[in-house]
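Below: the structure, in C-alpha cells.
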Amino acid sequence: MRNVSVPEYQREIYSHGFYTRLRRVRWLFRYDCRYRLFLMEELFRKYRVPFERMKVYELGFGTGYLLFRFDNTSTLHGCELVEEAVNAIKRDPRLRRYEKTNFVCANPDGSPRFPSSDYDLVIASHVLEHMPDDNLTLKLLSAHTRSGGLGLFFLPLEPPGHCPATHARTYTAAGFTTLLESTGWEVIESCGNFRYSSHWVQVVNLPYRRQVPVVGPLVETLENICLSLPPTSFVRLMEKPLAYLHVKPRQLMVLARRS
C-alpha cells in the first residue's frame, strides 16, 4: 500500500477533476458538510463569535462551504493541496461578494502556505488526518493566528486502519486535545458528534474507504443521497438519544484559542 502521508499520493487522490467535475451538484448531497456548517453556526452563537469583519483562514477549504458562511465584510484566505481546488474557488460566483480574498496552493512538501498572518480565526475541517506532519501544521496555524484568536477543528474519530487509503493517522478526543495544547492552543470546547453516521453506515461504505474501483464511488454516491434526505436539524436532534444508547461519535469538533 502507498504511503498516504506522502504529499504526492494525497495530490493524486484530489486531482483529476475531484473539485471540478460536477462540483456544485456533488456537494448538494454532502450531508456531512452541511452538518459541519450547522455545528459551526451553533458553536459560534454559543460563544458569540461573529461572522462579520473577521479575518479567516481555512486549511483545506474544499468548495468553500464553511468560508462562504462569513459576511462579505470578512477577509477570506485559504490553502489547498491541489491547484485544481484553488482555481475552482476563484471561479466560484459567490466569491464576487468579497473584496478581500486570497487562495493559495500548499508547498511541495504538503505544508501549508499563508497569504497573511494575525488571523482572527483559522479552520481545519477533516484535513489534519491527511497532513504529512500534523504537529507542524498546528504550530504553523497557531503562529499565524493573532493572540487570543480562535481555531476551529473538525476531525474523524475512527479506529486505527479505518480509512487506510487516504488517512495518514487516527485521533482520539483526549489525544487531539493533548496535541493542541502542545502546539500553542488552549481548548475552549471539545465535542464528539455525528453519531448518526455510525455503525451500519461505516459498514456499508467499506468499499469506498478501501477505494474499490467502480464499486467504491457508487457506494459513496448512494450513501450521500440517502443520508442527505433527513434535515440537518433532525440529525442534530438524534445526538442525545444515540449518546444515551452508547453509540460512539464519528466526529470531533474543537474550538480552541491561541494561548
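No lab work stands behind these numbers, since they all come straight from the coordinates. Predicted, not measured: the structure shown is a model, and the values here were computed from it. No Cβ is skipped: glycine too gets one built from the backbone with ideal geometry, and neighbour counts run over all protein chains shown.
For the stretch 112-259, what does the alpha-carbon gyration tensor say about shape, rounded, prolate or oblate, given a ≥ b ≥ c as the root eigenvalues, a/c under 1.5 as rounded, and a/b over b/c as prolate? Prolate, because a/c is 1.5 or more and a/b exceeds b/c. With an a/c value of 1.5 or above and a/b not larger than b/c for the gyration tensor axes a ≥ b ≥ c computed over the alpha-carbon atoms, the stretch 71-147 is described as oblate. Between Glu12 and Phe51, the FRET efficiency estimated from the beta carbon spacing at R0 = 35 angstrom works out to 0.50. When the charge dipole of the stretch 216-257 is built from unit charges on Cβ atoms (+1 for Lys and Arg, -1 for Asp and Glu) and taken about the Cα centre, the candidate among Gln251, Leu218, Thr232 whose Cα reaches farthest toward its positive end is Gln251. Note on Lys139: aspartates and glutamates with a C-alpha under 12 Å away, same-chain residues under 8 apart excluded, are Glu181.
A simple packing score, the average count of other Cβ atoms within 10 Å per residue, orders the peptides 222-230, 162-170 as 162-170, 222-230, with the highest score first. Think of the chain as having a plus end and a minus end, set by charges on the Cβ of Lys, Arg, Asp and Glu; of Cys191, Gly110, Leu242, Leu242 sits farthest toward the positive end of this dipole. At q = 0.11, 0.13, 0.20 Å⁻¹ the log10 of I(q)/I(0) for the stretch 38-181 amounts to -0.41, -0.57, -1.36, computed by Debye summation with a single uniform scatterer per C-alpha, solvent ignored. Per-peptide packing, taken as the mean over residues of other Cβ atoms within 10 Å, places 54-66, 92-104, 71-83, 132-144 in the sequence 54-66, 71-83, 132-144, 92-104 from highest down. The gain in end-to-end length when the Lys139 to Arg257 segment is fully stretched comes to 41.2 nm, 0.36 nm per residue minus the alpha carbon separation.
Projected over all directions and averaged, the alpha-carbon convex hull of the chain occupies 13.0 nm². Under the criterion of Cα pairs below 8 Å and six or more residues apart, the relative contact order for the chain equals 20 percent. Under 20 Å of direct C-alpha separation, and excluding same-chain neighbours fewer than eight residues apart, Lys248 reaches these aspartates and glutamates: Asp32, Glu129, Glu158, Glu189, Glu223, Glu239. Helix screen, the chain: DSSP H segments with Cα axial length of 15 Å or more and mean Kyte-Doolittle hydropathy at least -1.0 are 31-47, 215-227. For the peptides 42-50, 115-123, the ranking by packing is 115-123, 42-50, with the highest mean count of neighbouring Cβ atoms within 10 Å listed first. Cross-link partners for Lys90 among the lysines, with Cα-Cα distance under 19 Å and sequence neighbours closer than 8 places in the same chain left out: Lys55, Lys100.
Distance between the pseudo-spin-label points of Phe38 and Ser117 (7 Å out from Cα toward the beta carbon): 4.0 nm. Put a plus charge on the Cβ of each Lys and Arg, a minus charge on the Cβ of each Asp and Glu, and nothing anywhere else: the dipole of the chain about its Cα centre is then about 660 debye. Rounded, prolate or oblate, given the Cα gyration tensor of the stretch 37-81, with a/c below 1.5 counting as rounded? Verdict is oblate for the stretch 37-81.
Calculated mean residue ellipticity, 222 nm, the chain: -9500 deg cm²/dmol, from DSSP H runs (n ≥ 4) at -39500 (n - 2.57) each, averaged per residue and rounded to 500.
The Cβ shell under 11 Å around Phe61 holds other residues with a net charge of -3, Lys and Arg each +1, Asp and Glu each -1.
Counting charges near Leu179 (Lys, Arg +1; Asp, Glu -1) among other residues having Cβ under 14 Å from its Cβ returns a value of -3.
DSSP finds beta bridges in the chain, and of those with both partners inside it, around 40 percent are antiparallel.
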